[in-house]
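The next block holds one structure in the form of structure tokens; read it before the comments.
The values are calculated or read from the model by the stated rules, or taken from the named source; none is laboratory data. As the structure is a prediction and not an experimental result, all values here were calculated from the model. Cβ atoms come from the backbone with ideal geometry, glycine included; neighbour counts cover every protein chain shown.
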Amino acid sequence: MSIGHTLLGLLESGPRHGYDLKRAFDERFGHDRPLAYGQVYSTMARLLKNGLVEVDGIEPGGGPERKRYAITDAGVTDVESWLAQPEKPEPYLQTTLYTKVVLALLTGRPAADLLDSQRAEHLRLMRELTRRKSGGDLADQLICDHALFHLEADLRWLELTAARLDQLAAEVTR
Amino acid sequence: MTAAPEPLLVATDLRKAYGPTPALDGAELTVRAGEVVAVMGPSGSGKSTLLHCLAGIVTPDSGDVRYRGQQMSLMSDGERSALRRTDFGFVFQFGQLVPELTCLENVAMPLRLAGRRRKDAEALAATWLERLEVTDLAGKRPGEVSGGQGQRVAVARALVGAPRVVFADEPTGALDSLNGERVMRLLTDAAHDTGAAVVLVTHEPRVAAYSDREIVVRDGKSRDMERAA
Amino acid sequence: MTAPHEPFAGFDRTRAAGPGGAGWAEPAAGVRAWVRDLLLGARFAAGGGREGWTRTVLTAVGVALGVALLLLASAVPAMMDARDQRRVARDTLSSGEAVQPGASTFLLAETNTTYHGKDITGVLLHPEGPAAEPPPGLAAMPPAGRMVVSPALKKLLASSPLLRERIPYEITGTIGKAGLMGPADLYYYAGSDQLVAYGAGQAGGNAERETRFGAHSNSEVLGAVFNLLLVMVLVVLLLPVAVFVATAVRLGGERRDRRLAALRLVGADIRMTRRVAAGEALFGALFGLLLGAAFFLIARQFASHITIRDISAFPSDLTPSPALTVLIAVAVPVAAVAVTMLSLRATVIEPLGVFRQGVGQRRKLWWRLLVPAAGLALLIPLFGSVQGDARTNQYQIATGTVLLLVGVTAVLPWLVESVVGRLRGGPVAWQLATRRLQLNSNASARMVSGVTVAVAGAIALQMLFGAVSADFVYDTGADPARAQILIAASTTSSEETAHDIRQLAGTKGVRQVIGYLQSQATQPDAASRGGSVSDSAYLPVNVGDCASLRELAAIGADCEPGSTFLVPPSHGVGVEESLQYLEPGHRIDLNVGYGDRYSGTPVLWTIPAGTRTVAGRVDPSGSREWGILATPEAIDSNRLFDARSQIMVAVDDREPEAVEYVRNTAAGFGVTTYTRSISGTSAKASYTQLRRGLFAGATLTMVLIGASLLVSMLEQLRDRRKLLAVLVAFGTKRSALAWSVLWQTTIPVVLGLVLACAGGVGLGAALLAMVGSPFHMDWGGMATMAAIGSAVVLGVTLLSLPPLWRLMRPDGLHTE
Ligand SMILES: Nc1ncnc2c1ncn2[C@@H]1O[C@H](COP(=O)(O)OP(=O)(O)OP(=O)(O)O)[C@@H](O)[C@H]1O
Ligand SMILES: [Mg+2]
């Protein structure tokens, strides 16, 4: 999962201090693993360098923790294309997908589309595997089936999330 | 994906309401010859209703379905029945076989209704039973066979008339994954061989994976997932 | 249609598109398609495994019972006709003409008796010449002391020594069919040398002289009311049969609809499904027709063993007329198909299943009420017109009645639906039953409609019978408490009567015997007066002991041998002339003479002076004697003219066979003795026949309806076996299910009976208005009929419990 894109997404709703960013991240995505401060500052430094964020202002007193960041137009575009790009279907994607959905909801983007395109991506791979299965030997079939069952689980999760999108939106933007 | 041949079935802006609740609310779908289209979506979203509209079993309140350019809503019941006999085949979750007839007679029924002699019809039906690996069920009645076996008989019946479109509504709904996949293999292979298009309503992604294309129906609205990607 | 051609032009929207070149349009519905669809329907009816067979057999049995009953009903007129012809052929009634003895004449006397309530007719014969023709069914006249008996009587005699004692002649043969009205006929012809012809104008004699049997026949004139009764009985009996056949044909309708839906899915159009359904109905109906014919033939063979309400018939008598047979053979299958088409009209069979038209939309009452209203409209113009010998339009009556009764069945579904729709809550069984009824109350309403019609018709008929019975049943005025048997003998004397009385008094079980001689006298100058005898005074003379005379008049204790009394008539009409001779001291002539003119020599007798005049009294047999009452000591019975004895016997209730002993004793008194029971009422024979016919028919109809109920009940259970198995599987108590089944029948039945009572009373009131009788509720009759209806239903429910128990085994889950 891309912490850079996530932080960028969080900035979309308005400029924030580094400390605020960490808190917002932890609150929504860091349930079992809070983000380290160092990671926030190194990431922000990279984004600054790439021109995706800019420093909006510095609180008096100095020190890196006083910097306030704002997203640039290039940053917004970057977030946009990241959200629209379906992940390569593979097992254990849900943290990334979840983050993407929440960010989409937070930034007022169509989360359903995101889910749908991910779903289409998954199904495409499943079709591929199904085709391979019908041509292969038993070992191939078993291997393909393993992947298929995992992908199916993901796809089901996508379906479920899509069905509960309204509920999630209400919770996220509360 | 296959190169797009001319569409067989085109449904545009279908609306259908049962009482105050809309079952279809502007759904659309195009089926081209020889392709397998999966229709997915939550329960009660209108998948079956869409399928029934496409097959001319249910008449939509508005919008139209064209089969090879002809508007279905303008056809008489007789013409639509004739379509079901000659151009369409059906596989449902269960209950579509006539319990009074043997499996062989069930498979032969569409041919007989289309005017074939009994001998011819049953001979052809027997080859289909063989193809679906259920030859030994020929003399049994649907009540005496398992769900999976019954489903294969239903597939044989759907395909025996060399239809152009097979409508399948949760054909594997009552089967375990192994049997479900077998039925799907047989259905899609046979459809592929005869060049029939398949409209496949399912809840199971692995079943949907046998399709060439996916449509998702939500709240009576359809969404073509190829365009979403 | 103006086809806005889509991008895929160049595509032929074509006929030669489908496989087999059939195209989209349906193949021409030629003979082949018809045959195919009808055969397919037959295949459904005949095939379909055990389940399918059971259903078809049930339908066929239902139709068969109806057909058998229809055949029976259509055979009844012929049977009655044949019976009547044979009755006339053996008729013994005198032609009334004086016949001179000749080579072909014979003497005949009828002697009837009753044994354990069965009437036995005996004919005593004595040929006077060699050419005397034997009665029908006999090869020759029986010689004296021998008799030829009907087979039924032969059996009865063999098993009843008491009766054999009474009819002691030696049996030499049995009466052939030509001489019997039915196999249960109790009849014999005996040769007798005791017969003396009634001389023309001569005293004495005990037999008619005849030249042949069946010389004269009588027929009762019955009139409009009787015809009304006849029409009603036919309608009331046959309508439930029609309803029954209609019900039988609809058995398995729900399954059939589902099956047709499955066919629709694979491309059958509506016309095909109709044809398939027709084929199915035809198969059941034809099968039922054959079965019904078989039932009929079998029942016909048994007919000779069955006596329904005294009517028995020979198998060969039960031959339906060819025209009616053809009508039944055509009408039943046609009706079956028509009913099927009608029931299909109310349902839309779509590929996805069956929709009932007007689901959610309540039934309308108004057109249902139109039917009985039309019936009433037909009957109202007839109010007050069915009386006496007036000619009535029987078709109008029949149509009106049928419409009224059919109206009852038309209102029933509405009633069941509206009442059931209001039921809620209650225990599990009740809830299951009411919910099921709410979902489809049609089947249940149909099921009980037969009972409803039968009960409504029966109630109306009961009311009509009750009201018109006064026209047909006479109160004899007899008092069966005072004496139970009357024995009359003609041409006898005081001595003979006294002897008879002694014999009777000594018979087992006799409590009391009274008896007197009846004769008549006329005015003293009758011989010289000239003119017709009937213009002379008529003065009855009764001679008996004091105990006997006390039964005839209020003579009090003041009676001793030698006493005489005078009794004025209770009404003086027509006898005023005679009364002047009823004075003490007046002379009267005890000789009256046979024939038109006075004959013989006068036998003058003086009414003793001081003879008391006393009030008359109704005797035990219901008649009221008047004139001269005398003890045997006061008047020499040998001087009486053509004295007849009247002996009345009271028997001991504690001796059950007392009556039979008395009859046996009386049988020894001679040919001219006549014995009958004293009863409070007597009915005209045809009326009795009709009433018996009604009861016989009603019994059959009720049995039939019971059978139909059972059949449709089993059908319903079979239809729901899966559901029952599911309910049992998740722990519903079996008793709850049994109760729900019971409720499910009870609710419509109760409603049906309420409606039947209302309809029956309505029809009854209309019928009463037609015959001009005041409205009168026959609560007892109504309660009886309702009770019989409920009993049938209860019995059927009990009979359906064992199959229910079997169906509720959880293994019912698997079956399709
Ligand atoms: N015959 C009917 N009468 C009334 N409502 C109906 C009927 N058929 C469908 N509906 C309603 O229309 C909506 C769509 O039903 P449909 O059967 O098309 O759903 P579905 O997507 O096939 O669901 P599932 O996946 O559960 O089969 C539902 O809300 C359903 O209640
Ligand atoms: Mg569905």
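Could you tell me whether any residue of segment B:39-47 is within 15 Å of ligand 1 (Cβ to nearest atom), more than 10 Å from every other protein chain (Cβ to nearest Cβ) and assigned to a strand (DSSP E or B)? Yes, segment B:39-47 has at least one match. Within segment C:504-540, the set of residues being assigned to a helix (DSSP H, G or I) and surrounded by 16 or more Cβ atoms within 10 Å (Cβ to Cβ) comprises C:504, C:526, C:527, C:533. The condition (being part of a strand (DSSP E or B) and at the interface with another protein chain (Cβ under 7 Å from one of its Cβ atoms)) is satisfied by just one residue among B:85, B:66: B:66. Residues considered: B:104, B:51. Of these, the only one that is more than 16 Å from ligand 1 (Cβ to nearest atom), within 23 Å of residue B:175 (Cα to Cα) and in a helix (DSSP H, G or I) is B:104. Going through (1) free of Cβ contacts under 8 Å to residues at least 24 places away in the same chain; (2) more than 13 Å from every other protein chain (Cβ to nearest Cβ); (3) away from ligand 2 (no atom under 15 Å from the Cβ) one by one, residue B:30 falls short only on (2). Could you check, for segment C:87-104, whether at least one of its residues is outside any loop (DSSP other than H, G, I, E, B) and at pLDDT 85 or above? No, every residue in segment C:87-104 fails to be outside any loop (DSSP other than H, G, I, E, B) and at pLDDT 85 or above.
Restricting to segment C:94-113, what's the tally of residues that are within 30 Å of residue C:660 (Cβ to Cβ) and buried (at least 16 other Cβ atoms within 10 Å of the Cβ)? Of the residues in segment C:94-113, 5 are within 30 Å of residue C:660 (Cβ to Cβ) and buried (at least 16 other Cβ atoms within 10 Å of the Cβ).
Filtering segment B:177-207 to residues that are out of contact with any Ser or Thr (no Cβ under 9 Å at 6 or more places or on another chain), within 16 Å of ligand 1 (Cβ to nearest atom) and away from chain A (no Cβ under 12 Å) leaves only B:199. Only one entry in C:690, C:709, C:717, C:694 is over 25 Å from residue C:238 (Cα atoms) and either at pLDDT 70 or above or of a type in the set (A, V, I, L, M) (or both), namely C:717. You will find that of A:135, A:108, the residue that is out of contact with any Asp or Glu (no Cβ under 7 Å at 6 or more places or on another chain) and farther than 22 Å from residue B:204 by Cα is A:108 and no other. Of the residues making up segment B:208-223, not one is without any contact (Cβ under 8 Å) to a residue 40 or more places away in the chain and more than 7 Å from chain A (Cβ to nearest Cβ).
Only one of the listed residues (B:143, B:150) is within 13 Å of chain C (Cβ to nearest Cβ), outside any loop (DSSP other than H, G, I, E, B) and surrounded by fewer than 23 Cβ atoms within 10 Å (Cβ to Cβ). That residue is B:143. Just one of the listed residues (B:158, B:168) is away from ligand 2 (no atom under 16 Å from the Cβ) and surrounded by 24 or more Cβ atoms within 10 Å (Cβ to Cβ), and it is B:158. On inspection, residue C:48 qualifies as touching a Ser or Thr at 6+ places or on another chain (Cβ under 9 Å), at pLDDT below 80 and within 14 Å of chain B (Cβ to nearest Cβ). May I ask you to verify whether residue A:73 is in the same structural domain as residue A:10 (by TED's automatic domain parsing), acidic (Asp, Glu), free of Cβ contacts under 8 Å to residues at least 12 places away in the same chain and within 23 Å of residue A:20 (Cα to Cα)? It is true that residue A:73 is in the same structural domain as residue A:10 (by TED's automatic domain parsing), acidic (Asp, Glu), free of Cβ contacts under 8 Å to residues at least 12 places away in the same chain and within 23 Å of residue A:20 (Cα to Cα). Of all the numbered requirements in (1) at pLDDT 85 or above; (2) facing another protein chain (nearest Cβ under 10 Å); (3) more than 16 Å from ligand 2 (Cβ to nearest atom); (4) surrounded by fewer than 18 Cβ atoms within 10 Å (Cβ to Cβ), residue B:77 misses one, and that requirement is (1). Only one of the listed residues (B:174, B:168, B:162) is within 14 Å of chain C (Cβ to nearest Cβ), assigned to a loop (DSSP other than H, G, I, E, B), within 16 Å of ligand 1 (Cβ to nearest atom) and more than 18 Å from residue A:123 (Cα to Cα). That residue is B:174. Of all residues in segment B:63-93, those satisfying the criterion of being away from ligand 1 (no atom under 16 Å from the Cβ), in contact (Cβ under 8 Å) with a residue 24 or more places away in the chain and out of contact with any Gly (no Cβ under 9 Å at 6 or more places or on another chain) are B:64, B:66, B:68. Among residues of segment A:139-155 that are over 13 Å from residue B:207 (Cα atoms), those with a Cβ under 7 angstrom from a residue that is in a helix (DSSP H, G or I), sequence gap 6+ or separate chain, pair up as A:140/A:132; A:140/A:133; A:141/A:133; A:144/A:129; A:144/A:132; A:144/A:133; A:147/A:129; A:154/A:122. Residue B:57 meets the conditions (1) more than 14 Å from chain C (Cβ to nearest Cβ); (2) within 15 Å of ligand 2 (Cβ to nearest atom) in every case but one. The failed one is (1).
When segment B:88-118 is examined, which residues are found to be modelled with pLDDT of 90 or more and within 7 Å of another protein chain (Cβ to nearest Cβ)? None - no residue of segment B:88-118 is modelled with pLDDT of 90 or more and within 7 Å of another protein chain (Cβ to nearest Cβ), so the list stays empty. Every listed requirement among (1) under 23 Å from residue B:23 (Cβ atoms); (2) more than 15 Å from ligand 2 (Cβ to nearest atom); (3) modelled with pLDDT of 90 or more is met by residue B:209 save one, (1).
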